[in-house]
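Here's the structure, in structure tokens; my notes come after.
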Amino acid sequence: MSSEAVEVALYDLGVKREARTGFASDPDAFLARYALAPEEAAMIREFDVAGLQARNVSPLLTMGFWMMNHPGKSRTDYLDQLRAAGQ
């Protein structure tokens, strides 16, 4: 896993409105811009923040990604997902 490519994608999704819009309208096309392995793209597309953190992706980036992009944008849901994975 290339955590650098994943972290760049998550950073963009956390701070760039056009990235969030592109991801929301066509996640696959948006993620194709980054040098991501298929499993990395799947974790982002599926909001698998526990899986990303288990692969040493920054928790600050995963939380920002979740809060800016997940349909529910719930901090409680974010923490529940981490707890369920034993993080």
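Nothing in this text is a laboratory measurement; each read-out follows from the coordinates by a stated rule. Since the model is a prediction, treat every value here as computed from it, not as a measurement. Cβ placement follows ideal geometry from the backbone for every residue including glycine, while neighbour counts extend to all protein chains displayed.
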Explain nothing, just the number: dipole magnitude of the range 1-72 about its Cα centre with +1 on each Lys and Arg Cβ and -1 on each Asp and Glu Cβ, in debye rounded to the nearest 20.
220 debye
When 1/r is averaged over all different Cα pairs and the result inverted, which Kirkwood radius in Å belongs to the chain?
12.7 Å
Just 41, 29, 50 to compare: in a GNM of the chain, with alpha carbon springs under 10 Å, which one fluctuates most?
29
Sum -39500 (n - 2.57) across every DSSP H segment of at least 4 residues in the chain, then divide by the residue count to get the 222 nm mean residue ellipticity, nearest 500.
-20000 deg cm²/dmol
Per the rule of 0.36 nm per residue minus the C-alpha distance, extending residue 55 to residue 8 adds in nm 15.4 nm
For the residue pair residue 32 and residue 46, what label-to-label distance in nm results when each label sits 7 Å from Cα along the Cα-to-beta-carbon direction?
2.2 nm
Can you tell me, using C-alpha contacts under 8 Å and at least 6 residues apart, the relative contact order of the chain as a whole percent?
33 percent
